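This report concerns only the one structure given below.
The values are calculated or read from the model by the stated rules, or taken from the named source; none is laboratory data. Predicted model only: the values in this text are computed from it and were never measured. Here the Cβ positions follow ideal geometry from the backbone for every residue, glycine too, while neighbour counts run over all protein chains shown.
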Amino acid sequence: MEINTRLYLGDCKEIIKKIPDNSIDLIFTSPPYADQRKNTYGGVHPDKYVEWFLPISNELLRVLKPTGTFILNIKEKVTEGERSTYVMELILAMRRQGWFWTEEFIWHKKNSYPGKWPNRFRDSWERLLQFNRDKKFAMYQDEVMVPMGDWAKTRLRKLSETDKRRDDSRVGSGFGKNISNWVNRDKAYPSNVLHLATECSNKKHSAAFPEELPEWFIKLFTKPGDIVLDPFMGSGTTNIVAQKLKRNSIGIEIVKEYYNMVCEQIEPVKLVLFEPKENYGKAKSNRRVALR
Ligand SMILES: C[S@@+](CC[C@H](N)C(=O)[O-])C[C@H]1O[C@@H](n2cnc3c(N)ncnc32)[C@H](O)[C@@H]1O
C-alpha cells in the first residue's frame, strides 16, 4: 500500500483551501507563538494573534473529519513581566467558532535549562490543546498504554472499601474511578502530562519539537493509512513521524529554506506493508544526525 506525504510551500491560510472538506484525521501543529521568534521566521503581535489565527482555524474546522482531532501546541509568552492572555482568548474564540475544547495536555520539558529570574522560575512546560468537532472522536487509547510501575506494589496492594467500587469524583471533575480494576495488570492508561526532553540537536530549525511528541498523538488519534496535517510544518517533524508510522500526511511551510530541507528528507510516496495488528514501537530516527 502507498503512503503519501504532500508538502506545500506557502501561507497555510491559502494552501489549506486546496484540501477537501472532512478529509483529515488529525491536525497536529505548533504555530509561531506570537512574535517570540520574529528574528528567525517572523511572528504575530500578541494583540493580533487571535485575529490572525481564526481564519486559519476556520479552514482547519472545515477540513477535519467529524471524528478527527486538532492538537495545538502553544504557550503564551511573557511581555513586560506579565503572561500574555492570547492563548486563553484563542480558546474562547475557537469555541465560538464551533470547536469543542476537549482537553489540555501538558508537555513537561524534562531538560529545560536552569536559570535565575527575579520574579519567576524556569519555564518547563507547554500546552497541547485538544479541539474536536464533536464530543465523539476516534481515539486508540491502548496504543499509548504505559507500564503500571510502582503502583502495583504500593497503592494497589492495600485497597480500601471505596477503592473497590466506582467512586465518582466528589468535586464533580468527571474523573470517577474504580481502583480495584487495575490490580494484577501490567499496563495502565497514561496521564495527560507528557514528560519529554526538548529537541536540542535540530540545528536547522530553532523551534522543532521532539519526535516523541507527534508520535504519541498520532498513535492515540489515528490508525495506519489515516491522514495527518501540519499547517506550520517547520523542519517536518510531524510528517517524518507520520510516514514512519504509516500515516499519510500533508505539510505546509512558508519559509522556502525549511520547505526545501523537508523535501530532501521525505519521499513523497512510500510503499509499505500493512499488517493486521502491529507493534509500532518507538519511532527511531537518524535524521537529526543528517541535519547537523
Ligand atoms: C514553531 S515552528 C514549527 C516547528 C515544527 N513543529 C518542527 O518540529 O520543526 C512554526 C513554523 O511555522 C512556519 N509558519 C509561520 N507562518 C506560517 C504560515 N502562515 N503558513 C505556513 N507556515 C508558517 C514558520 O516558518 C515555522 O517554521
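For region 47-69, state whether one or more residues are assigned to a loop (DSSP other than H, G, I, E, B) and in contact (Cβ under 8 Å) with a residue 40 or more places away in the chain.
No, region 47-69 contains no residue that is assigned to a loop (DSSP other than H, G, I, E, B) and in contact (Cβ under 8 Å) with a residue 40 or more places away in the chain.
Pick from region 164-188 the residues that are in a loop (DSSP other than H, G, I, E, B) and of a type in the set (A, V, I, L, M): which of them is nearest to VAL144 (Cα to Cα)?
In this case the residue turns out to be VAL183.
Collect the residues in region 152-177 that are of a type outside the set (D, E, K, R) and in contact with a strand residue (DSSP E or B) (Cβ under 7 Å, 6 or more places away or on another chain), keeping them in residue-number order.
GLY176
All but one of (1) surrounded by fewer than 15 Cβ atoms within 10 Å (Cβ to Cβ); (2) modelled with pLDDT under 95; (3) more than 9 Å from the ligand (Cβ to nearest atom) hold for SER206; state the number of the condition that does not hold.
With (1) surrounded by fewer than 15 Cβ atoms within 10 Å (Cβ to Cβ); (2) modelled with pLDDT under 95; (3) more than 9 Å from the ligand (Cβ to nearest atom) applied to SER206, the lone miss is (3).
Quick check on my filter: what residues within region 211-244 are more than 8 Å from the ligand (Cβ to nearest atom), in a loop (DSSP other than H, G, I, E, B) and surrounded by fewer than 22 Cβ atoms within 10 Å (Cβ to Cβ)?
Answer for region 211-244, where residues must be more than 8 Å from the ligand (Cβ to nearest atom), in a loop (DSSP other than H, G, I, E, B) and surrounded by fewer than 22 Cβ atoms within 10 Å (Cβ to Cβ): LYS223, PRO224, GLY225, ASP226.
Do you know which residues across region 11-41 are at pLDDT 95 or above, crowded, with 16+ Cβ neighbours inside 10 Å and either not in a helix (DSSP H, G or I) or not assigned by TED's automatic domain parsing to the domain that holds TYR259 (or both)?
If the condition is that a residue be at pLDDT 95 or above, crowded, with 16+ Cβ neighbours inside 10 Å and either not in a helix (DSSP H, G or I) or not assigned by TED's automatic domain parsing to the domain that holds TYR259 (or both), then ILE19, ILE24, ASP25, LEU26, ILE27, PHE28, THR29, SER30, PRO31 are the ones that fit.
From the list SER249, SER191, exactly one residue is under 30 Å from PRO147 (Cβ atoms) and without any contact (Cβ under 8 Å) to a residue 12 or more places away in the chain. Which is it?
SER191
Can you tell me which residues in region 105-142 are outside any loop (DSSP other than H, G, I, E, B) and more than 21 Å from LEU92 (Cα to Cα)?
Listed by number, the residues that qualify are TRP107, HIS108, LYS109, TRP125, GLN141, ASP142.
Table: residues versus (1) surrounded by fewer than 15 Cβ atoms within 10 Å (Cβ to Cβ); (2) under 26 Å from LEU61 (Cα atoms); (3) of a type outside the set (A, V, I, L, M); (4) out of contact with any helix residue (DSSP H, G or I) (no Cβ under 7 Å at 6 or more places or on another chain).
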residue	(1), (2), (3), (4)
GLU89	no, yes, yes, no
MET94	no, yes, no, no
PRO118	yes, no, yes, yes
ASN132	no, yes, yes, yes
GLU143	no, yes, yes, no
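Of the conditions (1) farther than 25 Å from GLU211 by Cβ; (2) touching a Pro at 6+ places or on another chain (Cβ under 9 Å); (3) not in a loop (DSSP other than H, G, I, E, B), LEU7 fails just one. Which one is it?
Only one criterion is unmet by LEU7, namely (1).
Determine whether TYR113 is within 16 Å of the ligand (Cβ to nearest atom), among the hydroxyl-bearing types (Ser, Thr, Tyr) and either in contact (Cβ under 8 Å) with a residue 60 or more places away in the chain or over 25 Å from THR222 (Cβ atoms) (or both).
No, not satisfied.
Report yes if GLU275 is in the same structural domain as LYS17 (by TED's automatic domain parsing), in a helix (DSSP H, G or I) and either away from the ligand (no atom under 16 Å from the Cβ) or not basic (Lys, Arg) (or both), otherwise no.
Criteria not met by GLU275.
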